[in-house]
Amino acid sequence: MLNLLSLALLTCLLTGCAPTTDPLPRPLPVTLLAPDPTLLRNNVVNASHRADGTVTVDGRPLFPLGFYHISWATGGTIAQRRADVCKLGASGFNLMATEPINDEDVATYRNFLDLAQQCGVYILSYGLKTNTINAIKSHPAVLGFKLADDSNALVSPAEVTKRNLSTKKLAPDKLTYISLSVGYNRPETPYFGTSDLVGNQSYPVGNDDINVTYRVMRSAVQSALAQRSVPIANLQTFSWGKGKPLPNPAELRNMTYQAVMAGVKGILYYAYRSQEVDLNREPRLWGEAQALAREVALLSPALLESRRTELSSGNGKQPVVVLFQGTGGHYLLALNNSRRERQKVNLPLPGRPDEWRSVSGRPGALRVTGAQVTGELAPLEVAVYRLRDQPLMALGEYP
């Protein structure tokens, strides 16, 4: 996680430059990670988003966290998806992206939505025809509709825009969503703004260096904010093929924290169930995913309502270190995105915290003396600390 203070950062501090800081969100009441039961009991859930990229449900902020569920893959059944959606809800996830399995599934799709509502999971649907969208668009479990997958490889921005307008005409109170295929050096800016939510894929395990995730997600966040879209991270829980590895628990944790530290406003993992993976058969990976759901629930007020400041970018063998500071809470998050090398940290905070409490990771990985954070992180290690009571100095006011 945290790394040795680089010469570049030292030069920056000596010359008085400020860390990179995102705009402070507009304060609103924060809902929990799980959907509010009072909202799900409404006849219609109005899903929208703020200018800062935050999803709102009936005006209340929500951090969407869930999975793709390719329900028809490898002999999938309606009953299996029903079991899985409640397993997701019971584990703290609030979103499933799915599509019909067969004609029977289309005919009884409202029954699935009723169950999803009971289990506290919102649904993003794909592949529904106009008559089915009209039949379910007022269901409170419907967060929105997916317009295209791998959009930048398969569909033009103009076509996405056309689909968005058509879907919005049918369901103006629901969100639209697209996903962009892996392109580590392509921000694909023309696609941002063509839908409400834009998922950006980062699937590096067995394919690339894991440290690409932060860079990809940071680019996606910047593009989304410029076009008033919601930046969603699509993260890997599958294997690229025979002989290729699934992400291990440490890799899943590291990718997840790279994404939230980059400032994304939601996460959709690919996948809970697909042609490539079934997490019902992967207890170690599923166990780590459940632990991450609990941690994101704790952090979601800060991710939605506090200002993000990057203290260390992860470049040049540095760690990634980010501070969230504001009405949602004060947290310092740090990670080492190297699989092989330990990284040291020696960084100033913008003020002296009254309390320094570990909420995730090894409690002693980092320590604070005055306003200086020091320590060492093992390969792929993540550490999260809560800073409480005494407010930090104004952002950018470095000693």
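Just to be sure I understand the filter: pairs with C-beta atoms under 7 Å, separated by 6 or more residues or on different chains, first member in region 68-86 and under 18 Å from Tyr269 (Cβ atoms), second member among the β-branched types (Val, Ile, Thr) and open to solvent by less than 10 Å² (accessible area, probe 1.4 Å). Which pairs pass?
Matching pairs, first to second residue: His69/Thr98; Ser71/Thr98; Arg81/Thr98; Val85/Val121.
Any chance region 265-276 includes a residue that's part of a loop (DSSP other than H, G, I, E, B), under 16 Å from the mean Cα position of the chain (by Cα) and at pLDDT 95 or above?
Going residue by residue through region 265-276, those that are part of a loop (DSSP other than H, G, I, E, B) are 265-266, 274-276.
From what's left, under 16 Å from the mean Cα position of the chain (by Cα): 265-266.
Now narrow it down to the ones that are at pLDDT 95 or above: 265-266.
Among the residues of region 265-276, at least one is part of a loop (DSSP other than H, G, I, E, B), under 16 Å from the mean Cα position of the chain (by Cα) and at pLDDT 95 or above, which makes the answer yes.
When you look at Tyr203, is it modelled with pLDDT of 95 or more, open to solvent by less than 10 Å² (accessible area, probe 1.4 Å) and hydroxyl-bearing (Ser, Thr, Tyr), yes or no? Spell out the reasoning first.
Values: modelled with pLDDT of 95 or more: yes; open to solvent by less than 10 Å² (accessible area, probe 1.4 Å): no; hydroxyl-bearing (Ser, Thr, Tyr): yes.
No: the conditions fail for Tyr203.
Can you name the residue in region 81-93 that is farther than 18 Å from Tyr126 by Cα and not in a loop (DSSP other than H, G, I, E, B) and, of all such residues, is least open to solvent (accessible area, probe 1.4 Å)? Steps first, answer last, please.
Keep residues of region 81-93 that are farther than 18 Å from Tyr126 by Cα, which gives 83, 86-93.
From what is left, the residues that are not in a loop (DSSP other than H, G, I, E, B) are 83, 86-90.
Numbers: Ala83: 61, Cys86: 38, Lys87: 69, Leu88: 1, Gly89: 22, Ala90: 92 Å².
It comes out as Leu88.
In contact (Cβ under 8 Å) with a residue 24 or more places away in the chain, open to solvent by 30 Å² or more (accessible area, probe 1.4 Å) and either in a strand (DSSP E or B) or at negative phi (or both): is that true of Ala297 in this structure?
Yes, satisfied.
State whether one or more residues within region 1-21 are within 20 Å of the chain's Cα centre (by Cα), modelled with pLDDT of 50 or more and not polar (S, T, N, Q).
Checking region 1-21: not a single residue is within 20 Å of the chain's Cα centre (by Cα), modelled with pLDDT of 50 or more and not polar (S, T, N, Q).
For region 320-362, give me the residue count where each residue is assigned to a loop (DSSP other than H, G, I, E, B), touching an Asp or Glu at 6+ places or on another chain (Cβ under 8 Å) and hydroxyl-bearing (Ser, Thr, Tyr).
The total comes to 1.
Quick one: in region 219-264, which of the residues that are in contact (Cβ under 8 Å) with a residue 60 or more places away in the chain and among the charged types (D, E, K, R) is surrounded by the fewest Cβ atoms within 10 Å (Cβ to Cβ)?
In this case the residue turns out to be Arg228.
The values are calculated or read from the model by the stated rules, or taken from the named source; none is laboratory data. Just so it is clear, the structure is predicted and the values come from calculations on it, not from any experiment. Positions of Cβ are backbone-derived with ideal geometry, glycine not excepted, and every protein chain shown enters the neighbour counts. Ligands, DNA and RNA are excluded from the accessible area calculation, which covers all protein heavy atoms including side chains. Shrake-Rupley method; radii C 1.70, N 1.55, O 1.52, S 1.80 Å.
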